[in-house]
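Let me begin by presenting the structure, written as structure tokens, before commenting on it.
Just so you know, all these numbers are worked out from the coordinates, no wet-lab data involved. Given the structure is predicted, the values throughout are model-derived calculations rather than measurements. Here the Cβ positions follow ideal geometry from the backbone for every residue, glycine too, while neighbour counts run over all protein chains shown.
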Amino acid sequence: MRVVAAMSGGVDSAVAAARAVEAGHDVTGVHLALSRNPASYRSGARGCCTIEDSNDARRAADVIGIPFYVWDMSAEFHDDVVVDFMDEYAAGRTPNPCLRCNEKIKFAAVLDRALALGFDAVATGHYAQLRTGADGLVELHRAGDTAKDQSYVLGVLDQSQLAHSLFPLGDSEKPAVRREAAERGLLVADKPDSTDICFVADGDNTGWLAEKLGDRAPNHGGDIVDDATGEVLGRHTGTYGYTIGQRKGLRIGRPAPDGKPRFVLDIEPVSGTVRVGPRAGLRVDALRADRPRWCGAAPSPGAPMACTVQLRAHGAEHRAELRVDDDGEGTQTVHVDLLDPAEGIAPGQAVVVYDGTRVVGSATIAATVRATATATSATAAAGAAR
């Protein structure tokens, strides 16, 4: 097959490209330029789209012996990932930009361009596995190395995208990948993994949002309120600087009567209110999600499905029961009852559904229901209203 190897400049994508060559594919390395001003993105081997990353990818391609190109995806990245990130925080939700990048850029824009140029597939360094199911469909499964499993951020891929994807590292462990890179003479063998959000150069999400949102911010201040009593405990400078489950930086002048820490329980962008309370208030036993994307056949509408779900990129699995409602006009709503309550789950995050190791699909959390006596309080109400 003719394969585009998406090379971020890190060790995983470099080894994935080398393995694709060894598998007999005709491989071309491609690095994605995601900013017209790369100096504004996170550097120091902590990002995945800076000038130094591009140079690392080019050197790796030279060692492997494959052609190498840089594709400008900055416009698509800005519109589909950066703007989405700003809009979600402005609405009081907590987005996952890496998941959105996989959906909109790496496996939509890149794959579309690759197919248009006559390539057959895109290979990446993600830790996940592809298998052919009994029904002939391509199935996405967890990686062999559960500590590195990245199936959560790939749960947005549909069948047509999975059919044109390659994950050469799916059955490997990270230490072995680094050793292999060193044996191949790849200089990125010891390069640290990318962390944090690549387009927030200094890691200060709140400061970045304050600058970029400007007048688009839903508010520039408001009350921090005790969720149980309604007492005003302090002031903030913008709800976009908070996320559900946050403990630090709450700007509360005095401790709780019981001496225990308070956490953000809900965010109300319209009123500018941030509600805080005890950790117990973060427990969630049900959620509603929209915009589902199914990796294969969608669950039957109305029929309950026993499954597990993952609610964070590196979070634990929760036993759950899922039900999909279909309005008959193409809009689906996903309802999830958590048999194992979760904690600190925020609208805007993804719920990824599993059947064993197989990824069924992903949806965006719209509302949660607390497991405490205040089960239908602000979090559920605010999410339902959005």
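Structure remark: mean-square fluctuation, Gaussian network model of the chain, C-alpha springs under 10 Å; the largest value among THR146, THR50, THR368 belongs to THR146. Cross-link check: pairs LYS212/LYS260; LYS106/LYS212; LYS106/LYS148 evaluated at a Cα-Cα cut-off of 30 Å; pairs beyond the cut-off: LYS212/LYS260.
Taking ASP285, ASP84, ASP325 as the candidate residues, the one with maximal mean-square fluctuation in a Gaussian network model of the chain, Cα springs under 10 Å, is ASP325. Given springs between every Cα pair under 10 Å in a Gaussian network model of the chain, which of LEU166, LEU99, LEU115 has the largest fluctuation? Of the options given, LEU115 has the highest mean-square fluctuation.
As a check on your grasp of the helix formula, calculate [θ] at 222 nm for the chain: sum -39500 (n - 2.57) over DSSP H runs of n ≥ 4, divide by the residue count, round to the nearest 500. Result for the chain, helices only: -6000 deg cm²/dmol. The Cα atoms of the stretch 2-190 give a gyration tensor whose axes a ≥ b ≥ c have a/c under 1.5, which makes the shape rounded. Modelled spin-label separation between ASP204 and VAL63, with each label point placed 7 Å from Cα along the Cα-to-Cβ direction: 3.6 nm. Per residue, the Cα convex hull of the chain amounts to 149 Å³. When you restrict to C-alpha pairs under 8 Å that are six or more residues apart and normalise by the size of the stretch 99-187, the relative contact order lands at 32 percent. Full extension of the chain segment joining ALA316 with ARG279 gains 11.5 nm, where the gain is 0.36 nm per residue of separation less the Cα-Cα distance. Summarising the label geometry, the points placed 7 Å from Cα in the beta-carbon direction at VAL70 and ARG251 lie 4.0 nm from one another.
Which net charge results for the neighbourhood of SER172, defined as the other residues with beta-carbon distances under 15 angstrom from its beta-carbon, given Lys and Arg at +1 and Asp and Glu at -1? Result for the neighbourhood of SER172: -2.
When its C-alpha radius of gyration is set against 2.2 N^0.38 Å (N residues), the stretch 282-385 gives a value of 0.99.
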